[in-house]
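The structure appears right after this line, and notes come after that.
The values are calculated or read from the model by the stated rules, or taken from the named source; none is laboratory data. Owing to the predicted nature of the structure, the values given are computational and were not obtained by experimental measurement. Because the Cβ atoms are built from the backbone with ideal geometry, glycine has one as well, and the counts that use them run over all protein chains shown.
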Amino acid sequence: MEIQFTLNKKQVTAEVGADTVLLGVLRDLGCKSVKCGCETTNCGLCTVWIDGKSRLSCSVLAAGIDGHEVTTLEGVEEEAAEFGRFLAAEGGEQCGFCSPGFIMNVLAMKRELEDPDLEEIKEYLAGNLCRCTGYMSQLRAIQKYMTVQKEKTGKEAQA
Amino acid sequence: MNMTEGSKDMRVVNQAVPKVDAEALVTGKAVYTNDLAPSDCLIVKIIRSPHAHALIKDINTARAEAVPGIECILTYKDCPDKRFTLAGQTYPEASPYDRLILDQRMRFVGDAAAIVAGTSEEAVKKAMKLVRIKYEVLEPVLDFRTAKDNPILVHPEDNWKSLCPVGADNKRNLCAQGVSESGDIEAVLADCDYVVDRVYHTKANQQAMMETFRTYTCLDTYGRLNVVSSTQVPFHVRRILSNALDIPKSKVRVIKPRIGGGFGAKQTAVSEVYPALVTWKTGKPAKIIFTREESLTASSPRHEMEMHVRLGADKEGHIRGIDLYTLSNTGAFGEHGPTTVGLSGHKSIPLYGKAEAFRFTYDVVYTNVMSSGAYRGYGATQGLFAVESAVNELAKILDMDPTVLREMNMVREGDVMPAYYGETAESCALDRCLARAKEMIGWDEKYPCRDMGNGKVRGVGVAMAMQGSGISNVDTGSVAIKVNDDGFYSLMIGATDMGTGCDTILSQMAAECLACDMEDIIVHGVDTDTSPYDCGSYASSTTYVTGMAVVRTCEALVGKICERGAEYLGCSVDDVEFNGAEVINLKTGESITRKEIGNRVM
Amino acid sequence: MITIGNYVKPKSLEEAYELNQARSSRVMGGMMWMRLGNARVKTVIDLSGLGLDQIEDEGNVIKIGAMCTLRQIEQCEALKDLCGDGIAECVRHIVGVQFRNQATIGGSIYGRFGFSDVLTAFLALDTFVELYDGGTIRLSEFVNRKPDKDILLSVIVRKSKRKFRYDSIRQTKTDFPVIACSVVTGMVHGKETWYFSVGARPMKAALLEKQWEIPADASEEMIADYARQAASEFTYGSNMRGSAEYRQHLAEVLIRREMTSILAEGR
């Protein structure tokens, strides 16, 4: 069956089977940032936004995406690069395989939570696994990034 | 001692720099194996044995081959009958040559029984269900404690071979066996006031790197096998594939892209042989992506070990003798079996340099479970757990602070270590490490434990470890640095960055030695056709071994730059100096830039 | 993994129900669990678009549409006002935010899974389920029924005055629970009634009702006795996450803590 949806603000179509999952469709459409880590919802590598909410593309039926909006890391590259600089400065990306899914979820958290503390950050990111870093560098990067974001919105509010 | 004293002099090393691949990784660029695989690759999957020990009596592939899109279905009959090892080790490998790409004998649940290749995943999955395999189910050896001299043999075949004298004997299910000792351990232990006698058991662990095993292969214009794989050991993979396919090494080229973690799992060629065989037979590009399940059940986890420790000491706490017996479970195949077991004793016992006697005995046995492999620590992890636990038990018996017990007994700089090949600890700061660690945790305030007042207590514990940076007298790293036109450098390395950042740190070291910026150096990815030989990334060796190769290469290159500069300046090489940007004639002040040298040299 | 022949997004509940009567049809929620099995489903029915994704505060009940995600439940103010932090507690340890943005309460409740935190929690509350054909019945009755061809439309929590606690034990964060316990108390027909729901036994949640009058200043020993009694009236099993004895011990501890917390609130 043919599906039509918006991918990173562009209209796309794809031919899918009834049980085709979204992950493969996105990669075939050129979004190689979306990675497959476990196929069983546990690792968070395949995190994308569907209608603005973080979801696991390995478990979403592509057929159900018809008419919806999907965002991958390719669609928020500038924002990702900005946070990515904080991540790199803290040594928070080593092999980089978990980074796209992790960054998508951090950016989603930024949109959803106002000024989260460390426990809230950890809980929001509980579904993103990393085997290289031990998470401490990533948490430092997020806290520093969120502080900068807070200052930015503070300045914007004053302006 | 201020560890950062030297860093005041360093411009690039000891400075925080982002990794050279950081931008690509955080913006999700297509740099991993499956991002690079051509879209027309045949999809390769493996039919796996449901039995721990069985012989394939019959395989009927007729119906499966008829599924549209199926390119080929390969069985043991299609594979060379020459055994090899999948272990990524320097030749001659210590691991036994006990593998075939596909064998008639199944040796663990999940062992490869057949390879199916087709144009789509659906076609392959459909065909897999239609292959009919008749197994003669055999009794397996599942408990590694019963494996040695068990009448059931995991490797009864005649063409099994062991290249190195590691004490391997396939007729006894032995992958390795050995003993090293000094002094009379039994006499010493009998004379000790206390003997701690314990058995410790550690399980097989999975590295669980985020990127599973995957490889794609194709034939290039010259009919050579090109392999792009998520591997830590591209040069070893070249040898392994040449052995496995029984083709000359010159026919194989291995390229390493960005890797999503390894931790030792990819120091064994877990996935490469399957698409390689398909491509070699069909001429078509092929790829295999291991599922997470396959990466957990048919991979290369840490060796399960059982360690019997006998630790003898006198009343004052002097450790007089250590006797360790390690039984290691290498599983169905022997990759890294003979080598990991050595560290269980060699990286634990020498910590106690004052002992009068020691004995380290080991057996590595074959069983009908998944084959073990390399995993950070590489055997030292298991041995240290056992020995350090025993030492802590001794401390309890003596009612002594375990750090004080270690202060009394630890190896010190200048000590000869009988348990470490008789070598001398020429550089050893273990005592200072322990003192610093005690300070950092607040040991004296917290030992033995604190009452938290809520029904709980919080304790502190201690263990020591030693580990090597590289395998002494074995590991090799080579580096080549080219000066290009315009004077920028190409750094060619064979070391494999698996997220560990060696591409970055080796550039940092080169930039430091060449007195230039990191932007002036391009790092070339690993390609066995063009990169200088490197054993690969394992044994915590890259920074030390390949790093020193960088330093030496830079020294030699600086010498050559000076020679050229002197030649172009028309003076003696003894009169010039290179400051990173220019060669300067110290007598006249004349200079020539690196950029100009680079251009003139072409 | 599941194989599906046809994907259908019906335009009405009637259409969905008709389609579901075929033997090899299945209604999907978030599809998180269903996808991992080996079922060969001829027609999968997607109920999104039929207005079942809202939580409605209807005066004396809170009505949760079957397609509401676990994240919606986690963040619902009305449920928090009614039940306290226990509602968020029963979902916040389930894998991660991405997972909860997709898994549905319908999937959890209809599935009646052994590991389900959601079922355990809602079973202890004054909860009903609304079925397309079967009408509205108590969750405590639904939990013991076998899956059939009816469709779950909503989960309804009556706004009775109850105190509610939920807790679970997990070996590793984001894993399935080793045990899940919920304790609820309130006046029912003039009598102080305690409800105990224990799930992940590893079997699915079961409900115990006791008319116990426990004083607000009950001693630690007394509460411990009650908890032991309650825990002992459930059956437990052993699996790779723990033995039956271990689970019973944990249940006793969690029930005791939850009861203590409820009684302290009363003081």
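Details
- The residue that is surrounded by the fewest Cβ atoms within 10 Å (Cβ to Cβ), counting only those in segment A:101-134 that are touching a Lys or Arg at 6+ places or on another chain (Cβ under 8 Å), in contact (Cβ under 8 Å) with a residue 12 or more places away in the chain and within 14 Å of chain C (Cβ to nearest Cβ), is A:Ala108.
- Tally of residues being in contact with a Leu (Cβ under 7 Å, 6 or more places away or on another chain) and of a type outside the set (A, V, I, L, M, F, W, C) across segment B:107-134: 2
- Scanning segment C:64-91 for residues that are surrounded by fewer than 18 Cβ atoms within 10 Å (Cβ to Cβ) and out of contact with any Lys or Arg (no Cβ under 8 Å at 6 or more places or on another chain) yields C:Gln75, C:Glu77, C:Ala78, C:Lys80, C:Asp81, C:Asp85.
Every residue, every condition in (1) at pLDDT below 95; (2) closer than 16 Å to A:Thr47 by Cα; (3) under 18 Å from the mean Cα position of the chain (by Cα), yes or no:
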| position | (1), (2), (3) |
| --- | --- |
| A:Ile65 | no, yes, yes |
| A:Glu74 | no, yes, yes |
| A:Ala81 | yes, no, yes |
| A:Gly91 | yes, no, no |
| A:Gln94 | yes, no, yes |
| A:Cys98 | no, yes, yes |
| A:Glu119 | no, no, no |
| A:Ala126 | no, yes, yes |
| A:Ile142 | no, no, yes |
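- Some residue of segment B:253-262 being more than 24 Å from B:Asp21 (Cα to Cα), away from every other protein chain (no Cβ under 14 Å) and of a type in the set (Val, Ile, Thr): no
- Verdict on B:Ala374 being more than 14 Å from chain A (Cβ to nearest Cβ), outside any loop (DSSP other than H, G, I, E, B) and buried (at least 24 other Cβ atoms within 10 Å of the Cβ): no
Results for (1) under 24 Å from B:Tyr274 (Cα atoms); (2) surrounded by fewer than 22 Cβ atoms within 10 Å (Cβ to Cβ); (3) modelled with pLDDT of 95 or more, shown as yes or no for each residue.
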| residue | (1), (2), (3) |
| --- | --- |
| B:Gly178 | no, yes, yes |
| B:Cys192 | no, yes, yes |
| B:Ala208 | yes, yes, yes |
| B:Tyr216 | yes, no, yes |
| B:Asp246 | yes, yes, yes |
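- Scanning segment B:28-50 for residues that are surrounded by fewer than 20 Cβ atoms within 10 Å (Cβ to Cβ) and assigned to a loop (DSSP other than H, G, I, E, B), we see that the one that is farthest from the other protein chains (Cβ to nearest Cβ) is B:Pro50.
- Odd one out for B:Val526 among (1) surrounded by 20 or more Cβ atoms within 10 Å (Cβ to Cβ); (2) modelled with pLDDT of 95 or more; (3) touching a Lys or Arg at 6+ places or on another chain (Cβ under 6 Å); (4) not aromatic (Phe, Trp, Tyr): (2)
- With respect to the stated conditions, B:Lys126 is surrounded by fewer than 20 Cβ atoms within 10 Å (Cβ to Cβ), of a type outside the set (S, T, N, Q) and within 14 Å of chain A (Cβ to nearest Cβ).
- Matching residues in segment A:1-58 - criterion: being part of a loop (DSSP other than H, G, I, E, B), facing another protein chain (nearest Cβ under 9 Å) and among the acidic types (Asp, Glu): A:Asp19, A:Glu39
- Per-region count, segment C:95-122, residues touching a helix residue (DSSP H, G or I) at 6+ places or on another chain (Cβ under 6 Å) and within 21 Å of A:Cys43 (Cα to Cα): 7
- Any pair with Cβ under 6 angstrom, 6 or more apart, that starts in segment B:198-215 at a residue that is within 14 Å of chain A (Cβ to nearest Cβ) and ends at one that is of a type in the set (Phe, Trp, Tyr) and surrounded by 21 or more Cβ atoms within 10 Å (Cβ to Cβ): B:Gln207/B:Phe263; B:Gln207/B:Tyr375; B:Met209/B:Phe263; B:Met210/A:Phe97; B:Glu211/A:Phe97; B:Thr212/B:Phe290; B:Phe213/B:Phe290
- Hey, B:Ala495 under 23 Å from A:Cys132 (Cβ atoms) and crowded, with 20+ Cβ neighbours inside 10 Å or not: yes
- Any chance C:Val184 is aliphatic (A, V, I, L, M), in contact with a strand residue (DSSP E or B) (Cβ under 6 Å, 6 or more places away or on another chain), within 19 Å of C:Asp57 (Cα to Cα) and in the same structural domain as C:Lys210 (by TED's automatic domain parsing): no
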